[in-house]
Amino acid sequence: MTYEKSCGALVLRRDRETGILYVLMIRHRPGGYRSFPKGHVEAGETERETAIREVQEETAAEVSILPDFRQVVYYTPAPAVEKEVVYFVATTDKATIRPRRGEIAQVEWIPLYKAEQYLTHENDKNVLRAAQNKLKNSPKGWEA
(Lines give C-alpha, C1' and ligand atoms only; values in the text may rest on other atoms or scores of the structure.)
Protein backbone atom coordinates (compact mmCIF):
# COMPACT_ATOMS: atom_id res chain seq x y z
CA MET A 1 0.00 0.00 0.00
CA THR A 2 1.32 3.43 -0.98
CA TYR A 3 0.49 6.40 1.25
CA GLU A 4 0.14 9.93 -0.14
CA LYS A 5 -0.56 13.15 1.74
CA SER A 6 -1.89 16.38 0.27
CA CYS A 7 -3.05 19.67 1.74
CA GLY A 8 -5.36 22.30 0.35
CA ALA A 9 -7.87 24.98 1.19
CA LEU A 10 -11.39 26.19 0.69
CA VAL A 11 -10.60 29.76 -0.35
CA LEU A 12 -13.23 32.39 0.43
CA ARG A 13 -13.67 35.87 -1.00
CA ARG A 14 -16.45 38.32 -0.17
CA ASP A 15 -17.56 40.60 -2.99
CA ARG A 16 -17.28 44.14 -1.65
CA GLU A 17 -20.22 45.45 -3.69
CA THR A 18 -22.76 42.65 -3.27
CA GLY A 19 -21.56 41.10 0.00
CA ILE A 20 -21.83 37.63 -1.57
CA LEU A 21 -19.34 35.09 -0.24
CA TYR A 22 -17.58 33.03 -2.93
CA VAL A 23 -15.50 29.86 -2.73
CA LEU A 24 -12.69 29.09 -5.18
CA MET A 25 -13.01 25.86 -7.15
CA ILE A 26 -10.83 24.17 -9.70
CA ARG A 27 -11.92 21.95 -12.56
CA HIS A 28 -9.49 19.15 -13.33
CA ARG A 29 -8.49 18.26 -16.88
CA PRO A 30 -8.86 14.51 -16.38
CA GLY A 31 -12.52 13.90 -15.56
CA GLY A 32 -13.63 17.53 -15.56
CA TYR A 33 -14.93 17.43 -11.99
CA ARG A 34 -14.74 20.40 -9.62
CA SER A 35 -12.98 20.40 -6.28
CA PHE A 36 -10.82 22.58 -4.07
CA PRO A 37 -7.13 23.32 -4.74
CA LYS A 38 -4.74 20.89 -3.08
CA GLY A 39 -1.46 19.10 -3.66
CA HIS A 40 1.32 16.96 -2.27
CA VAL A 41 3.33 17.94 0.79
CA GLU A 42 6.97 18.67 -0.04
CA ALA A 43 9.87 17.82 2.27
CA GLY A 44 10.16 20.21 5.19
CA GLU A 45 6.77 21.87 4.66
CA THR A 46 4.05 22.22 7.26
CA GLU A 47 0.49 21.38 6.28
CA ARG A 48 -0.43 25.07 6.17
CA GLU A 49 2.62 25.93 4.03
CA THR A 50 1.64 23.20 1.59
CA ALA A 51 -1.95 24.45 1.38
CA ILE A 52 -0.86 28.05 0.73
CA ARG A 53 1.72 27.00 -1.90
CA GLU A 54 -0.66 24.64 -3.70
CA VAL A 55 -3.48 27.19 -3.84
CA GLN A 56 -1.06 29.73 -5.29
CA GLU A 57 0.41 27.28 -7.82
CA GLU A 58 -2.95 25.96 -9.02
CA THR A 59 -4.96 29.20 -9.04
CA ALA A 60 -2.55 32.17 -8.64
CA ALA A 61 -4.53 33.25 -5.54
CA GLU A 62 -2.59 34.59 -2.58
CA VAL A 63 -4.33 33.51 0.61
CA SER A 64 -4.27 33.62 4.38
CA ILE A 65 -5.30 30.55 6.36
CA LEU A 66 -8.02 31.10 8.97
CA PRO A 67 -7.35 29.57 12.40
CA ASP A 68 -9.30 26.73 13.98
CA PHE A 69 -10.34 24.72 10.92
CA ARG A 70 -8.58 21.55 9.85
CA GLN A 71 -10.56 18.80 8.16
CA VAL A 72 -9.02 15.49 7.07
CA VAL A 73 -10.40 13.12 4.44
CA TYR A 74 -9.14 9.73 3.31
CA TYR A 75 -9.75 7.93 0.05
CA THR A 76 -8.23 5.44 -2.37
CA PRO A 77 -7.56 7.14 -5.74
CA ALA A 78 -6.04 3.99 -7.26
CA PRO A 79 -5.56 0.36 -6.26
CA ALA A 80 -3.03 0.03 -3.41
CA VAL A 81 -2.91 3.84 -2.90
CA GLU A 82 -4.26 5.43 0.26
CA LYS A 83 -4.52 9.20 0.26
CA GLU A 84 -4.91 11.63 3.14
CA VAL A 85 -5.97 15.20 2.35
CA VAL A 86 -5.91 17.96 4.96
CA TYR A 87 -8.08 20.99 4.20
CA PHE A 88 -8.03 24.44 5.74
CA VAL A 89 -10.20 27.51 5.17
CA ALA A 90 -8.39 30.48 3.66
CA THR A 91 -9.34 33.98 2.55
CA THR A 92 -8.27 36.42 -0.13
CA ASP A 93 -9.27 39.93 -1.15
CA LYS A 94 -8.27 39.50 -4.78
CA ALA A 95 -10.70 38.18 -7.37
CA THR A 96 -8.00 37.58 -10.03
CA ILE A 97 -7.27 33.88 -10.54
CA ARG A 98 -5.84 31.73 -13.31
CA PRO A 99 -5.42 27.97 -13.77
CA ARG A 100 -2.09 26.14 -13.73
CA ARG A 101 -1.24 25.16 -17.29
CA GLY A 102 -1.77 21.52 -18.19
CA GLU A 103 -3.20 20.23 -14.93
CA ILE A 104 -6.12 22.53 -14.20
CA ALA A 105 -8.76 23.19 -16.88
CA GLN A 106 -10.49 26.06 -15.12
CA VAL A 107 -10.58 28.01 -11.87
CA GLU A 108 -13.73 29.83 -10.83
CA TRP A 109 -15.43 31.68 -8.01
CA ILE A 110 -18.68 29.94 -7.06
CA PRO A 111 -21.18 31.57 -4.68
CA LEU A 112 -20.81 29.69 -1.39
CA TYR A 113 -24.55 29.10 -1.11
CA LYS A 114 -24.47 27.22 -4.48
CA ALA A 115 -21.14 25.43 -3.99
CA GLU A 116 -22.37 22.00 -2.93
CA GLN A 117 -24.31 21.44 -6.16
CA TYR A 118 -21.07 21.93 -8.16
CA LEU A 119 -19.13 19.25 -6.29
CA THR A 120 -18.95 15.65 -7.49
CA HIS A 121 -17.23 13.83 -4.64
CA GLU A 122 -18.88 13.24 -1.27
CA ASN A 123 -15.60 13.95 0.56
CA ASP A 124 -15.56 17.46 -0.93
CA LYS A 125 -19.21 18.00 0.04
CA ASN A 126 -18.45 16.89 3.61
CA VAL A 127 -15.51 19.30 3.88
CA LEU A 128 -17.65 22.13 2.50
CA ARG A 129 -20.43 21.40 5.04
CA ALA A 130 -17.92 21.28 7.91
CA ALA A 131 -16.43 24.62 6.81
CA GLN A 132 -19.87 26.21 6.50
CA ASN A 133 -20.78 25.01 10.01
CA LYS A 134 -17.54 26.44 11.39
CA LEU A 135 -18.08 29.75 9.60
CA LYS A 136 -21.62 30.06 11.00
CA ASN A 137 -20.12 30.01 14.49
CA SER A 138 -17.25 32.35 13.65
CA PRO A 139 -17.24 35.86 15.07
CA LYS A 140 -15.09 37.05 12.14
CA GLY A 141 -17.96 37.80 9.74
CA TRP A 142 -17.23 35.01 7.25
CA GLU A 143 -20.61 33.33 7.56
CA ALA A 144 -22.48 32.88 4.29
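The values are calculated or read from the model by the stated rules, or taken from the named source; none is laboratory data. Just so you know, these numbers come straight off a predicted model, no measurement behind them. Note that each Cβ is placed from the backbone with ideal geometry, even for glycine, and that neighbours are counted across all protein chains shown. Please note that ligands, DNA and RNA were not included when accessible areas were found on the heavy atoms of the full protein model with its side chains. Shrake-Rupley method; radii C 1.70, N 1.55, O 1.52, S 1.80 Å.
For Ala105, all conditions in the list (1) open to solvent by less than 70 Å² (accessible area, probe 1.4 Å); (2) modelled with pLDDT of 95 or more; (3) of a type outside the set (S, T, N, Q); (4) part of a strand (DSSP E or B) hold save one; what is the number of the exception?
(2)
For region 73-94, which positions are touching an Asp or Glu at 6+ places or on another chain (Cβ under 8 Å) and either under 14 Å from Val55 (Cα atoms) or open to solvent by less than 40 Å² (accessible area, probe 1.4 Å) (or both)?
Val73, Val81, Lys83, Glu84, Val86, Phe88, Thr92, Lys94
With the requirement that a residue be free of Cβ contacts under 8 Å to residues at least 60 places away in the same chain and buried (at least 18 other Cβ atoms within 10 Å of the Cβ), what does region 48-72 give you?
Within region 48-72, Thr50, Ala51, Ile52, Glu54, Val55, Glu58, Thr59, Ala61, Val63, Ile65 meet the criteria.
Residue-wise test of (1) open to solvent by 30 Å² or more (accessible area, probe 1.4 Å); (2) in contact with a Phe, Trp or Tyr (Cβ under 7 Å, 6 or more places away or on another chain); (3) assigned to a loop (DSSP other than H, G, I, E, B).
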| position | (1), (2), (3) |
| --- | --- |
| Cys7 | no, no, no |
| Leu10 | no, yes, no |
| Arg13 | no, yes, no |
| Glu17 | yes, no, yes |
| Leu24 | no, yes, no |
| Gly31 | yes, no, yes |
| Gly39 | no, no, no |
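Across region 68-97, what is the number of residues that are part of a loop (DSSP other than H, G, I, E, B) and over 15 Å from the mean Cα position of the chain (by Cα)?
Looking only at that region, the number is 7.
Check region 17-40 and report whether any residue there is of a type in the set (D, E, K, R), modelled with pLDDT of 95 or more, under 20 Å from Ala95 (Cβ atoms) and in contact with a Gly (Cβ under 9 Å, 6 or more places away or on another chain).
No, region 17-40 contains no residue that is of a type in the set (D, E, K, R), modelled with pLDDT of 95 or more, under 20 Å from Ala95 (Cβ atoms) and in contact with a Gly (Cβ under 9 Å, 6 or more places away or on another chain).
Restricting the first residue to region 100-111 and requiring it to be closer than 15 Å to Glu54 by Cβ, which pairs with a second residue that is crowded, with 17+ Cβ neighbours inside 10 Å meet a Cβ separation below 7 Å and a spacing of at least six or different chains?
Cβ pairs passing all conditions: Arg100/Glu58; Ile104/Ile26; Ile104/Glu58; Val107/Leu24; Val107/Ile26; Val107/Thr59; Val107/Ile97; Val107/Pro99.
Any residue in region 114-125 that is of a type in the set (A, V, I, L, M), open to solvent by less than 40 Å² (accessible area, probe 1.4 Å) and modelled with pLDDT of 90 or more?
Scanning region 114-125 turns up at least one residue that is of a type in the set (A, V, I, L, M), open to solvent by less than 40 Å² (accessible area, probe 1.4 Å) and modelled with pLDDT of 90 or more.
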